[in-house]
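Reviewing the structure listed below.
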Amino acid sequence: MDVISVIRTKRDRGELSPEQIDWVIDAYTRGVVADEQMSALAMAILLNGMNRTEIARWTAAMIASGERMNFDALSRPTADKHSTGGVGDKITLPLAPLVAACGAAVPQLSGRGLGHTGGTLDKLESIPGWRALLSNDEMMHVLDTTGAVICAAGDGLAPADKKLYALRDVTGTVEAIPLIASSIMSKKIAEGTGSLVLDVKVGTGAFMKNIEDARELARTMVGLGTDSGVKTVALLTDMSTPLGLTAGNALEVRESVEVLAGGGPADVVELTIALAKEMLDAAGIKDADPAKALADGSAMDHWRRMIAAQGGDPDATLPVAREQHVVTAPESGVLTRLDAYGVGVGAWRLGAGRARKEDPVQAGAGIELHAKPGDTVTAGQPLMTLHTDTPEKFDYALAALDGTFDIAAAGTSFTATPIVLD
Ligand code: URA
């Protein structure tokens, strides 16, 4: 087999054979196929697509590039959730302990933020002492004893995807539905969860800007999971506005703890409960009441145990950025739009995110929102507070926030976009 013929097949809109797919994924993982050759193939896939058979084989080849985990020894059914990424998307933090409190085991392998979307591991690392890197044995122990674990995927899990994702990130080939679907599902299937709920985000702050693309991505991933014996369902959810009132690592942990304490912003609570219900249903757990588990403190108990089991201090004071800058409403009226992408880029520029994989993030950096679409605002009132340790970045962040919101005349009617679109 030679890589040029594989690239030419896809360049000329042909169908890759199972042998070509198995060979190219294995050869790339072993370093026999070079980065420039794989990036040419990734671009040909982005431009010409892959059919369902090719995507299934591509996913299976990425799974076969590494180890597979197995949770059969656990006494409880497993349920995992994956979000395709957004701004202020801290839902995994309250969701994992909540679903554990309702009787499922939640093995949540999570990622770090890249670009304008935040990463669950970066958020949790703002809790003093908390560790994202666990051995497989440690992961099993935390899961077994606390009901939930949130950690980084080990190097042995779908190594082909790790290499390919890093390459796609620097070659403009992330936004290809076959590549996104196989990337996400290879990790989730290799992880060994029995059921999976996909939160496919739609809107300016998401990979998928329109509902048709999001639906196609969701259907592709549900098909891959189902065919591999993982009970898989997907929700399409809104990411045109940031979730909740915070975007940034420690800020989002604080808000998640508010949700676990029975409070928190309505949209975060609504989506957390909606996803919890889907996860419990997929795991075959009937008669659990996630809203009650938030209200009666049992989800909070599971959170505290999970954080402590990973070395974190659930009572520690969270880091606060050294400098703040308040953005005020330029006029009075009704806030009718607050753009997720602009807020995400603003938080990223303040230091909450990274431009390259190896960059550090600031735990306290980010944006706190004081109003959401539909709220009435008065000229001069705070709309957002920007937080950073590096105040020289305020102007850069403010440039990203320019044009991110609209204020209409008082009394203008406003119809909120539902959180769960489908
Ligand atoms: N998340 C992943 O894990 N892979 C992608 O390709 C995109 C988002």
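Just for region 120-129: of the residues that are touching a residue at least 40 places away in the same chain (Cβ under 8 Å) and either among the aliphatic types (A, V, I, L, M) or surrounded by fewer than 22 Cβ atoms within 10 Å (Cβ to Cβ) (or both), which one is farthest from Thr193 (Cα to Cα)?
Pro128
Within region 145-173, residues that are within 17 Å of Ala34 (Cβ to Cβ) and polar (S, T, N, Q) sit with their Cβ atoms under 8 Å from residues that are within 13 Å of the ligand (Cβ to nearest atom) and in a helix (DSSP H, G or I), at 6+ positions apart or across chains, in these pairs: Thr171/Ala42; Thr173/Ala42; Thr173/Ile45; Thr173/Leu46; Thr173/Leu167; Thr173/Leu179. Restricting region 27-41 to residues that are of a type in the set (Gly, Ala, Ser) and not in a helix (DSSP H, G or I), the residue that is surrounded by the most Cβ atoms within 10 Å (Cβ to Cβ) is Ala34.
Report yes if Lys209 is free of Cβ contacts under 8 Å to residues at least 12 places away in the same chain, in contact with a strand residue (DSSP E or B) (Cβ under 9 Å, 6 or more places away or on another chain) and among the basic types (Lys, Arg), otherwise no. So Lys209 fits the description; yes. Among residues belonging to region 131-159 that are of a type outside the set (A, V, I, L, M) and assigned to a helix (DSSP H, G or I), point out the one that is farthest from the ligand (Cβ to nearest atom). Within region 131-159, the match that is farthest from the ligand (Cβ to nearest atom) is Thr145.
Matching residues to (1) among the polar types (S, T, N, Q); (2) more than 28 Å from Pro178 (Cβ to Cβ):
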residue	(1), (2)
Ile55	no, no
Thr59	yes, no
Ala64	no, no
Asn70	yes, no
Gly86	no, no
Ile127	no, yes
Met139	no, yes
Thr146	yes, yes
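Annotation: Ser186 fulfils all but one of (1) within 16 Å of the ligand (Cβ to nearest atom); (2) modelled with pLDDT under 95; (3) polar (S, T, N, Q); the unmet one is (2). In region 160-178 there is no residue matching the filter, namely being assigned by TED's automatic domain parsing to the domain that holds Asp287, out of contact with any helix residue (DSSP H, G or I) (no Cβ under 6 Å at 6 or more places or on another chain) and not in a loop (DSSP other than H, G, I, E, B).
Within the span defined as region 198-221, one or more residues are closer than 27 Å to Ile127 by Cα, touching a Gly at 6+ places or on another chain (Cβ under 9 Å) and either more than 16 Å from the ligand (Cβ to nearest atom) or outside any strand (DSSP E or B) (or both). Within region 344-351, not a single residue is farther than 30 Å from Leu167 by Cβ and either touching a Gly at 6+ places or on another chain (Cβ under 7 Å) or buried (at least 22 other Cβ atoms within 10 Å of the Cβ) (or both).
The values are calculated or read from the model by the stated rules, or taken from the named source; none is laboratory data. Source: prediction; values computed, not measured. Cβ atoms come from the backbone with ideal geometry, glycine included; neighbour counts cover every protein chain shown.
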